[in-house]
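Please read the structure below before turning to the comments.
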Amino acid sequence: MKLLLILLAILWIIVGVLLVILTDATREIFRNLLSKKNLNLKALAIISFVVGALLILGSSAVDTPWALILLGLIGVAKGLFFTFAPKKNAMAVINWWLNAPNRLLRIWGTVAFCVGAIFLLIL
């Protein structure tokens with residue numbers, strides 16, 4: 001379980017760095033992954049839900065379990081949203097992120113990097 005948590009933290013760090021340094025290229029990657037022809041909202045919901053559940057289950061492996069429980073609950077909530085929200089609302093959220101200003105994506109990239117780094121520190 002700890003190895004899986006380490007890999008997840010490293011993934012957050014990588015995505016964060018890419019969002020800060022290569023904002024437009026990373027946006028295009030996300031746009032291709034989340035395009036209407038490739039997008040499966042149920043798969044996105046399942047991935048979010050499973051990652052959230054793994055974070056909650058893995059919280060016992062860290063010194064500060066509340067941090068992972070909080071992130072896990074956010075992931076589970078995201079999974080529930082993409083499962084039960086009307087498709088129109090889910091697509092509106094996805095399109096908002098895909099069309100967000102570069103500055104906002106860089107800020108969230110910084111947040112993702114920090115979350116991943118803190119995550120690695122508490123493991």
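Structure above, values below:
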read-out	value
Close pairs (7 angstrom Cβ cut-off, 6 or more residues apart or separate chains): touching a residue at least 24 places away in the same chain (Cβ under 8 Å) in region 25-47, open to solvent by 70 Å² or more (accessible area, probe 1.4 Å) anywhere	LEU41/LYS87
Filter result for the condition that a residue is open to solvent by less than 80 Å² (accessible area, probe 1.4 Å), within 23 Å of LEU121 (Cα to Cα), touching a Lys or Arg at 6+ places or on another chain (Cβ under 7 Å) and in a helix (DSSP H, G or I), over LEU105, LEU54, LEU8, LEU19	LEU19
Single match in ILE47, ILE29, ILE14 (criterion: modelled with pLDDT of 90 or more, open to solvent by 30 Å² or more (accessible area, probe 1.4 Å), closer than 20 Å to LEU121 by Cβ and assigned to a helix (DSSP H, G or I))	ILE14
Given (1) open to solvent by less than 60 Å² (accessible area, probe 1.4 Å); (2) under 23 Å from LEU5 (Cβ atoms), number of the condition LYS78 does not satisfy	(1)
Filter result (β-branched (Val, Ile, Thr) and either over 23 Å from GLY79 (Cβ atoms) or touching a helix residue (DSSP H, G or I) at 6+ places or on another chain (Cβ under 6 Å) (or both)) within region 16-52	VAL17, VAL20, ILE21, THR23, THR26, VAL51
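The values are calculated or read from the model by the stated rules, or taken from the named source; none is laboratory data. These figures come from a predicted structure and were not determined experimentally. Neighbour counts run over all protein chains shown; Cβ positions are idealised from the backbone, glycine included. Heads up: the accessible areas ignore ligands, DNA and RNA and are worked out on the full protein's heavy atoms, side chains in. Shrake-Rupley method; radii C 1.70, N 1.55, O 1.52, S 1.80 Å.
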